[in-house]
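The values are calculated or read from the model by the stated rules, or taken from the named source; none is laboratory data. Computed from a predicted model, the values in this text were never measured in an experiment. Glycine also receives a Cβ, built like all others from the backbone with ideal geometry; neighbour counts cover every protein chain displayed.
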Amino acid sequence: MNKSKKLVASISTLLIRRRISHPSSSTLRCNPLAAISTNPQTDLNPVKTLAVSIRRLQFSGRAFSSESSDKRISSVCWNCGFSSDKAAFLFCDSCRSIQPVDDSVNYFQIFGLENKYELEGGSLEGKYKDWQKKLHPDLVHNKSQKERDYAADQSAKVTEACRTLTKRLSRAMYIMKLNGKNINEEETVTDPTLLMEMMELREAIAEADDSKELNQIQSQVQENLKQWSDSFADNFESQRFDEAVKCIRRMTYYEKACEEIVKKL
Amino acid sequence: MMLRQAAKKALGLTSRQSTPWSVGISRSYHENVIDHYDNPRNVGSFDKNDPSIGTGLVGAPACGDVMKLQIKVDEKTGQIVDARFKTFGCGSAIASSSVATEWVKGKAMEEVLTIKNTEIAKHLSLPPVKLHCSMLAEDAIKAAVKDYKEKRLKTNGVGESSQA
């Protein structure tokens, strides 16, 4: 029993090394062996363990995979060899060492949020600070160089995730992307009503003389943003993706107007 | 004019000394762009409802830019005699539309439809990330011509074909 476990462990170490030097997702996909559980606590026959792990993998592939459905998510800790059927974000569950960035983990997962557009108020901020307490480059002195490098990458990813999810527009675009709906940014907008409105808005901003006027315009624009954001949520939930894209377009324009106002203020 | 001032402030171009910028730094604006900035040609508006005016209004979805390009057409000859533009966007977008207004003047409508964004981009040495600005200018020209033609059809009635 021990010998086969050792064999299994050495195979997974080999695979780990390969995985780390080729961090592309294709390695994951063609390596069902990476799922071999080396959890010392299980007393199962290795073959049975392998079968169980693969089945668990396939199941979790569907539950956790946010991108293509045939992408297997598994992770093997580089330090202790512990393998998990869910993508290890950040820490190995077994030895608590910091893991390299796994691209299959989406931003919602990082913050423990459901994969939907609406967010509660303070949910991001608290979690963000928690993660940074563990990850920030200034706080990981006592770890190995490798872990410090991973921590730096993870920290950057968390910051990026927070930034994307905080702003409504970027969150909307991200969630569309996650669902495979890519927004065509090349196509020129020709909707006359929308463009006229935006033209007038930008003209008003350019002509506004004092900060009072600008603030007024800004609050109006913020309100419009909120309104279209709600409209997006509605369209997205109901799978009316064309309408959702229109909402995103409007939001982009309003955001740009806000930026201009801020520059002027 | 406010647009220009605001735009200048936004770009940080307060003086005409562009040489220190362009030497060795790859992300500076080309002197043609700066020229269109400091001396914008044809900024303004025509009366939209004037039958000899075609108005093209286009927007870039990615950056939230808006571009309006208007042409004044001589009804007899079908030549574009004047043009104006108003653009809210980056320096490249403003320069592209300015170039567009210059290039359409004195040309026939069919001819301006052949103006390609690549020519505008080349004239301004636009970097790849700003190519969509020149595309927007090309679309604006086409939209203006289309608008004029549609207006003519409406005023002349359905029966008569006015191939201007």
>> Quick test of your reading of the structure: residue A:190 fulfils all but one of (1) of a type outside the set (A, V, I, L, M); (2) more than 16 Å from residue B:88 (Cα to Cα); (3) touching a strand residue (DSSP E or B) at 6+ places or on another chain (Cβ under 8 Å). Name the failing condition by number.
In response: (2)
>> I need the full set of residues from the range A:53-82 which are at pLDDT below 75 and in contact with a strand residue (DSSP E or B) (Cβ under 6 Å, 6 or more places away or on another chain), in order please.
In response: A:75
> If we keep just the residues of the range A:178-227 that are surrounded by 15 or more Cβ atoms within 10 Å (Cβ to Cβ) and among the basic types (Lys, Arg), which is nearest to the other protein chains (Cβ to nearest Cβ)?
Replying inline: A:202
> Got a sec? Which of B:164, B:121 is at pLDDT below 90 and either out of contact with any Pro (no Cβ under 7 Å at 6 or more places or on another chain) or surrounded by 14 or more Cβ atoms within 10 Å (Cβ to Cβ) (or both)?
Replying inline: B:164
>> So, residue A:248, is that one crowded, with 16+ Cβ neighbours inside 10 Å, more than 23 Å from the chain's Cα centre (by Cα) and aliphatic (A, V, I, L, M) or not?
In response: no
> Are any residues in the range A:100-117 out of contact with any Ser or Thr (no Cβ under 9 Å at 6 or more places or on another chain) and of a type in the set (D, E, K, R), and if so, which ones?
Replying inline: A:114, A:116
> Of the residues that make up the range A:139-160, is at least one in a loop (DSSP other than H, G, I, E, B), more than 14 Å from chain B (Cβ to nearest Cβ) and under 28 Å from residue A:224 (Cα atoms)?
Replying inline: no
>> Give all pairs with beta carbons closer than 7 Å in which a residue from the range B:75-98 that is within 14 Å of chain A (Cβ to nearest Cβ) and part of a helix (DSSP H, G or I) meets a residue that is buried (at least 24 other Cβ atoms within 10 Å of the Cβ) and of a type in the set (D, E, K, R); count only pairs at least 6 apart in sequence or on separate chains.
In response: B:93/B:65
>> Looking at the range A:110-151 only, could you name the residues that are small (Gly, Ala, Ser) and either touching a Gly at 6+ places or on another chain (Cβ under 6 Å) or at negative phi (or both)?
In response: A:121, A:122, A:123, A:126, A:144, A:151
>> Given the criteria surrounded by 14 or more Cβ atoms within 10 Å (Cβ to Cβ), over 19 Å from residue B:73 (Cβ atoms) and touching a residue at least 24 places away in the same chain (Cβ under 8 Å), does residue B:115 qualify?
In response: no
>> The conditions are (1) closer than 30 Å to residue A:236 by Cα; (2) out of contact with any strand residue (DSSP E or B) (no Cβ under 8 Å at 6 or more places or on another chain), and residue A:102 fails exactly one of them. Which is it?
In response: (2)
> So is residue A:112 assigned to a helix (DSSP H, G or I), assigned by TED's automatic domain parsing to the domain that holds residue A:90 and either touching a helix residue (DSSP H, G or I) at 6+ places or on another chain (Cβ under 6 Å) or farther than 25 Å from residue A:185 by Cα (or both) or not?
Replying inline: no
